Amino acid sequence: MFLKNLIFSLNATVPVFLMMVFGWFVHRIKLLDDNATAQINRFVFRALLPALLFMDLSTADFRAVWDGRFVLFCICATLLSVGIAVLYSLLFRDRAERGEIIQASYRSSAAVLGIAFVNNIYGHSTMAALMIVGTVPLYNIAAVTVLALTSPDKDRSRGKKTLFFSTFKSIATNPIILGIIVGIGWSLLKIPQPVILSKSVTYLGNMATPLSLIALGASFRFGEAKDNLPATVGIAFIKLLLFCGIFLPIAIKLGFRGEKLIAILVMLGSATTGSCFVMAKNLGHKGVITAFAVMLTTLLSAFTLTGWLFLLKTLGYI
């Protein structure tokens with residue numbers, strides 16, 4: 001069982017890591033330059049990631065499987081995770097670095113890895129979609145707020161009122177949040193999807209993950225990453241071990257089992273999502289810490305997720 005779970009996790013994470021390595025390689029051989037990489041990041045953020053989230057959420061039957069207790073747990077765990085990430089960021093002086101550290105510490109590959117992970121174990125499941133409802137909107141609202149407030153491009157001379165409205169505008173116009181809202185609304189209203197629309201959105205959504213990972217790898221700079229090793233190791237510890245150690249026992253105590261517990265595991269302990277890098281770059285940050293965090297947590301999560309999965313299986317909770 002352990003070997004089977006290890007192979008499953010490696011199959012889920014190693015291709016992600018290899019796509020980032022590929023992006024770094026094509027940048028090294030000049031197939032992609034910095035300008036092209038920036039354009040890809042912008043395209044992914046504004047078009048492909050919203051399409052991916054709409055694709056996942058618009059087809060889920062939320063009315064049939066709604067579990068308010070489960071969604072509430074996901075919301076509370078996410079909010080507390082953000083709080084822990086904020087406390088960790090206070091160990092570092094640079095304001096812009098703090099924004100990246102906070103986002104990279106709490107944001108998981110919930111939308112991309114969550115559905116694939118749960119479905120691979122249980123077949124088609126809507127628990128991952130419910131987990132996305134409880135986490136991904138908060139992920140993005142918190143990320144936009146934190147990154148906007150700590151952006152190195154932000155004019156420090158502006159008043160608090162102007163800062164508030166600019167941050168609110170960033171949240172309200174965030175393409176990812178809009179994709180989530182439209183996807184959930186489409187599902188709840190049970191609006192039929194013509195085949196032409198469904199296939200077109202699927203094409204766009206399927207491009208989101210590989211293109212964002214290639215752009216991430218192309219933007220990665222080993223020299224700059226070395227200077228941020230301590231911060232990134234801390235992020236990996238929080239992201240892959242600490243959150244699971246705190247919240248999984250609570251979830252078990254509350255009676256969550258099976259696919260719900262797997263969805264919670266993915267929410268808490270999967271790798272930092274590549275969309276963190278896309279959002280950080282689009283809100284004026286360097287993205288170096290974020291890129292390093294995505295690569296390190298992606299590499300290590302193959303083993304940590306397998307360890308948590310094996311432990312839950314051995315104890316009879318899944």
Amide N of the stretch 43-60 lying under 15 Å from the label point, which is placed 7 angstrom from the Cα of Met207 along Cα→Cβ: 43-53
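If you count, for each residue, the other Cβ atoms within 10 Å and average over each peptide, how do 179-189, 278-288 line up from highest to lowest? Could the numbers behind the result be given before it?
On the way: 179-189: 18.0, 278-288: 22.7.
Output ranking for 179-189, 278-288: 278-288, 179-189.
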Among Val195, Val136, Val294, whose mean-square fluctuation peaks in a Gaussian network model of the chain (Cα, cutoff 10 Å)? Val195
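Taking the mean number of other Cβ atoms within 10 Å as a proxy for protection, how do you rank 61-70, 228-237, 95-104 from highest to lowest? Before the final figure, lay out the partial values.
On the way: 61-70: 12.4, 228-237: 19.2, 95-104: 25.0.
Highest mean packing first, the order is 95-104, 228-237, 61-70.
Using the Kirkwood formula on the Cα atoms of the chain, what hydrodynamic radius do you get, in angstrom to one decimal? Don't jump to the answer; show the numbers that get you there.
Working: mean 1/r = 0.0507 Å⁻¹.
Here the Kirkwood hydrodynamic radius works out to 19.7 Å.
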Range of Cα positions in the stretch 52-106 per principal axis (Å), largest first: 48, 26, 10
Grab the beta carbon distance between Leu315 and Lys190, set R0 = 45 Å, and tell me the FRET efficiency rounded to 0.05. 0.70
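How do the peptides 238-248, 49-59, 306-316 rank, highest first, by the average count of neighbouring beta carbon atoms within 10 Å per residue?
Working: 238-248: 20.5, 49-59: 23.3, 306-316: 15.7.
The packing order, highest mean first, is 49-59, 238-248, 306-316.
Counting Lys +1, Arg +1, Asp -1, Glu -1, what net charge surrounds Thr272 among other residues with beta carbon under 10 Å of its beta carbon?
Numbers: positive: Arg107, Lys239; negative: none.
Every neighbour counted, the sum reads +2.
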Could you give the length gained on full extension between Asp61 and Lys30, defined as 0.36 nm per residue of separation minus the Cα-Cα distance, in nm? 6.6 nm
Quick check: residue separation of Ala172 and Ser200 times 0.36 nm, minus the Cα distance between them. What number comes out in nm? 7.6 nm
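Fewest to most neighbouring Cβ within 10 Å: what's the order for Thr150, Thr290? The partial results should precede the final answer.
Values: Thr150 22, Thr290 32.
Ascending number of Cβ neighbours within 10 Å: Thr150, Thr290.
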Distance in Å, no decimals, from the C-alpha centre of the stretch 5-72 to the one of the stretch 277-318 is 13
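Sort Ser151, Ser200 by Cβ crowding within 10 Å, fewest neighbours at the top.
Least crowded to most crowded, the residues run Ser200, Ser151.
May I ask which of Lys4/Lys226; Lys4/Lys30; Lys30/Lys226; Lys4/Lys260; Lys30/Lys286; Lys4/Lys239 have a Cα-Cα span longer than 32 Å here? Spell out each step's value before the answer.
Values: Lys4/Lys226 34 Å; Lys4/Lys30 39 Å; Lys30/Lys226 23 Å; Lys4/Lys260 21 Å; Lys30/Lys286 21 Å; Lys4/Lys239 24 Å.
Cα-Cα > 32 Å for Lys4/Lys226; Lys4/Lys30; rest within.
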Ranked from fewest to most other Cβ atoms within 10 Å of their own Cβ, Thr272, Thr173 fall in the order Thr173, Thr272
Obtain the nm distance between the two label points defined at Lys253 and Phe303 by a simple spin-label model: each point lies 7 Å from its Cα along the Cα-to-C-beta direction. 3.0
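Only the coordinates and a few stated rules stand behind these numbers; no lab work does. In this text the structure is predicted, and so the values were computed from the model without any measurement. With ideal geometry, Cβ positions are generated from the backbone for all residues, glycine too; neighbour counts draw on all protein chains shown.
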